[in-house]
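What follows is a set of notes on a single structure, which appears directly below.
The values are calculated or read from the model by the stated rules, or taken from the named source; none is laboratory data. Note that the structure is a prediction, hence the values are computed from the model and not measured. Glycine also receives a Cβ, built like all others from the backbone with ideal geometry; neighbour counts cover every protein chain displayed.
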Amino acid sequence: MTTPEIVDRESFRTELDRLRAREKAHTREGDAIAAARRRLPAVEVDATLELLGPDGPVTLLDAFEGRRQLIAYYFMWNPGRPAAEQCEGCTFYANQVAELANLHSRDITYAVFSQGRNVSVEPAGARTSYDEALRYRAFMDWPVPWYSAQPSLEELLVGREAGLFHLVCYLRDGDRVFETYWTKRRGVEAMDYSYALMDLTVFGRQESWEDSPEGWPQECTNVRTEAGAPGWPPLAESNGRPIAQWPRLAAGRDDDLGATTGSPAAHRCH
């Protein structure tokens, strides 16, 4: 087993103090960036843009649930595919937002906007894709509001590449809606605590891109694995499944999304 250099307590504290100075500078720079973010201009968005909700069409304004601000995570949904083939990155990030009370206390609503890549713009196609996504939300036991953005995706993500995960912040002023900030790719790590905790450990995330000492374990493949729940065989033919799905399967939940195609087949434990 590879280990760090072993030193006495005083030497350890000296090196840690050096690193702590850099950590404090990083924190202060983060505060300065957040201050600049609060001073960004905003762009108006059509408040009547249509979303699909559990009970039918709603508007972007409705998604605020009466609060002043809205944070929307644009989930990279793969229509017609089984649970195991859904986006591991989106599952990883969405799985870490569960307690919404703290956001609500600041007049902020959080919601998932399912993108539904390559879905027909016809209402029936969008509805089928959305129903599958709702079954995925139920399988994962996510309590957050979930909408389909497919009816207005081009307008909502104007000038951006649909099919990537995005995090977008909106402000409501009466019946008007403004976009105040957006980010994508690693910018959505703002939703994460798992990677943040991994980064504190000696081996870090254990992924191949990291700058780690020679011999450090770096064989983890992002957030998708071949196996993970006791009693479930590896899914070698399908390149695994998002890690957070394995505990749900072990608990006996049904990952059948309905009108799915391809392999592997849905797992049912009843």
Completion exercise
(1) part of a helix (DSSP H, G or I); (2) under 30 Å from Gln245 (Cα atoms) all hold for Glu15 apart from (2)
Practice task
Kindly indicate whether any position in segment 224-244 is in contact with a helix residue (DSSP H, G or I) (Cβ under 6 Å, 6 or more places away or on another chain), of a type outside the set (Lys, Arg), at pLDDT 85 or above and closer than 19 Å to Gln96 by Cα.
Solution key: yes
Fill in the blank from the handout: Checked Glu161, Glu122, Glu179 against criteria (at pLDDT 95 or above and among the acidic types (Asp, Glu)); the one match is Glu179
Fill in the blank from the handout: With criteria (1) more than 18 Å from Ile108 (Cβ to Cβ); (2) among the hydrophobic types (A, V, I, L, M, F, W, C); (3) touching a residue at least 12 places away in the same chain (Cβ under 8 Å), Leu197 comes up short on (3)
Completion exercise
Expected output for segment 1-23 (first residue at pLDDT 95 or above and surrounded by 10 or more Cβ atoms within 10 Å (Cβ to Cβ), partner in a helix (DSSP H, G or I) and of a type outside the set (S, T, N, Q), Cβ below 9 Å, 6+ apart or cross-chain) is none
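Considering every residue within segment 48-56, establish whether at least one is within 24 Å of Asp141 (Cα to Cα), over 22 Å from the mean Cα position of the chain (by Cα) and not polar (S, T, N, Q).
yes
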Completion exercise
Inside segment 170-226, the number of residues satisfying the requirement of being out of contact with any strand residue (DSSP E or B) (no Cβ under 9 Å at 6 or more places or on another chain), of a type in the set (Val, Ile, Thr) and under 18 Å from Phe92 (Cβ atoms) is 1
Practice task
Evaluate segment 83-96: report whether one residue or more is assigned to a strand (DSSP E or B), in contact (Cβ under 8 Å) with a residue 40 or more places away in the chain, within 23 Å of Glu50 (Cα to Cα) and among the aliphatic types (A, V, I, L, M).
Solution key: no
